[in-house]
Amino acid sequence: MRLENSSKSLSEVHSSVNTDKRKGWKRIFAFLGPAYLVSVGYMDPGNWATDIAGGSQFGYKLIWVLLMSNLIALLLQSLSARLGIVGGMDLAQASKNTYPKWANIPLYILAEIAIAACDLAEIIGMAIGLNLLFGIPLIWGISITIFDTLLLLLLIKRGMRSLEMFIVSMVFIIGLAFFVEMLIVTPVYGDVVKGLMPSSLDGTALYIAIGIIGATVMPHNLYLHSSLVQTRKFDRSFQGIKDALKFNFIDTTIALNLAFFVNAAILVLAAAAFYVNGFHEVAEIQDAYMLLENIFGKAAPTLFAIALIAAGQSSTITGTLAGQIIMEGHLNLRIQPWLRRLITRIIAIAPAFFTILYFGEESLGSLLILSQVVLSLQLGFAIIPLIHLNSNKKLMKEFTIKTWVKVLAWLSSAIIVYLNIHLVIEELTGWLSAPDSNKILIYTLVVPVILACFALLIYIFIHPFISKKTEKTITLPHGEALIYTEDATIVYKHIGITTDFSDKDQKIIKNALMQGGKAAKYTFIHVVETAAARYHGKNVMDHETLLDEENLKKYVLSLNALGFTADFKIGYGNTAIAIAKIVNDTEIDFLVMGAHGHKGFKDFVFGTTVDSVRHKIKIPVLIIN
């Protein structure tokens, strides 16, 4: 059973890239792209903060954490892509169908917190990059980031391939910048190789390591990847799905290894430039920029800032898509992408503004690392459902993951959850032992929230094992169609007809008469929008109102002459509100409206009357273009 297009993940670009008509390397190339959009989340400004802090404080010792994170990311992103390709649902939609509503709501809230934490990193990174290159104050740089909503809107309208090409160009800029940085800094590669050997973690090293994991294996990317792979249209046969899985794995491997190179390059850069030279407390991106200039001249910091801006801009676009996927999947709530973007951005801007105003610009680096730790703490709530869904034979059929993959996946999940629990206990103990801590507030507010989250984590792990619902997983995000049964014909007795006295009115009237015939009553509706009408309402008697009334009388008389029953009503002021009031007051049971035909920017300027009216009334509306 296929989904209606409006029910599909990212429906505006779903199956928009055709792969069936291409052969050989061109077919492989057609599948490449989704993982690059995902990969930018693995090299966003949040990664920079954790990598710089790790490299400056511990040299090359945490490179193994990056490597482990990258391998875990490769495994989990492959599972995410598999869910989208085989199951035809994104992770948010599938989670909603797997868990009860009471659990689905907190899962959604936690996912939104992850999106906000991710977006916070992009905001700070972009603002810092603009400040370093052009001297724009951070508070203004943060404000400017609101307007990248328009860039996303433009790219998504131009199609998925345009969006992917933009992201790939940003990734290329980042990769090239750090390749040149490595030539300038010249690290000791023997020490880099030693850093690949695992070592023990505690205290600050553990905090930064968990931040690195959160910055690398990002929860919103798991939702994003499961949706983006559905932009490819391919043969749904066994071999077609198998090929799609293979090509997407190639895409994921290349993209994430590139992301690993960038992250490793940042950490190595910090180790070679700062740790080796005795600068062990460089946690701020601005400090890293200044030190690079002092040690290596102007070329290194300029490349550093350009790559930072590219990382922030590309990551913020993919974060928006993830937010849209999570909202639509968990809540079945579909809003305009630009509005969704604006909501996400405003939620993320608030803590950045608060931090600058109350703690100063120097605290942004700490806020960046904290945002990545928050991401890591949310990981378990995305990973556990993902593994369960890929293990579900009813949903995945012959593409259910093998036992050894399950073992690796659950082991990765256990490592992440264990490190997170260890961190929470360590931080909580530190807060309670501090001499100036408010223990009453911690015990009454913080501890209950932690325990509730831990209980939810246990529940989402256990539920699929014990619930019978798992055996009959819904494969449609919005339910299943029922068989239509013929019933009594619906008869409309009172039909409203909106008019603007243009040449479109004839077509609107003709369609209205087809709905009710001569048995129905017809009411012509027109709204006077002059400034006087908005202020005086029905008491206005200006020239336009008098002319409009004469025109309405002509329509009524012409219909009466043909044997129809008709009258008219005039509204004043706001068009949508006035039409809705007339419809509700006169008990009209069917409304016929004409659409202006404009879209995009004109919708923003002139408004969308049809949509506004539709939400204010509870009767059927026929829209005539």
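Computed from the coordinates by the stated procedures, all read-outs in this text should not be read as laboratory data. Quantities reported herein were computed from a predicted structural model and do not represent experimental measurements. Counting neighbours? That spans all protein chains shown, and the Cβs are built from the backbone with ideal geometry, glycine included.
Quote to one decimal, in nm, the extra length available between Tyr189 and Lys242 on full extension: 0.36 nm per residue of separation minus the C-alpha distance between them. Before the final figure, lay out the partial values.
Values: separation 53, 0.36 × 53 = 19.08 nm, distance 3.97 nm.
Gain on stretching Tyr189 to Lys242: 15.1 nm.
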From phi via Karplus (6.51, -1.76, 1.60), per-residue ³J(HN,Hα) for segment 236-247 in Hz, x at Gly/Pro
7, 6, 4, 5, x, 5, 4, 5, 4, 4, 5, 5
Under the 0.36 nm per residue contour assumption, what length would be gained going from the current alpha-carbon distance of Phe179 and Asn551 to full extension?
126.7 nm
To the nearest 0.05, what FRET efficiency results for Asp235 and Ala519 with a Förster distance of 41 Å applied to their C-beta separation?
0.20
Of Lys101/Lys233; Lys101/Lys439; Lys510/Lys554; Lys504/Lys554, those spanning more than 23 Å from alpha-carbon to alpha-carbon
Lys101/Lys233; Lys101/Lys439
Simple SL model, points at 7 angstrom along Cα→Cβ for Trp140 and Leu196; separation in nm is 4.7 nm
Glu486-Ile619 FRET efficiency (beta carbon distance; Förster radius 25 Å; 0.05 resolution)
0.65
Within a Cβ distance under 13 Å of Lys406, other residues only, what is the Lys/Arg minus Asp/Glu net charge?
+3
For His388, His615, His225, what's the fewest-to-most ordering of other Cβ within 10 Å of each Cβ?
His615, His388, His225
Let's test the formula: R0 of 60 Å, r as the Cβ-Cβ distance of Ile343 and Ala561. What FRET efficiency results, to the nearest 0.05?
0.65
Net charge near Leu559: determine it from the other residues with C-beta under 13 Å of the C-beta of Leu559, scoring Lys and Arg +1 and Asp and Glu -1.
+3
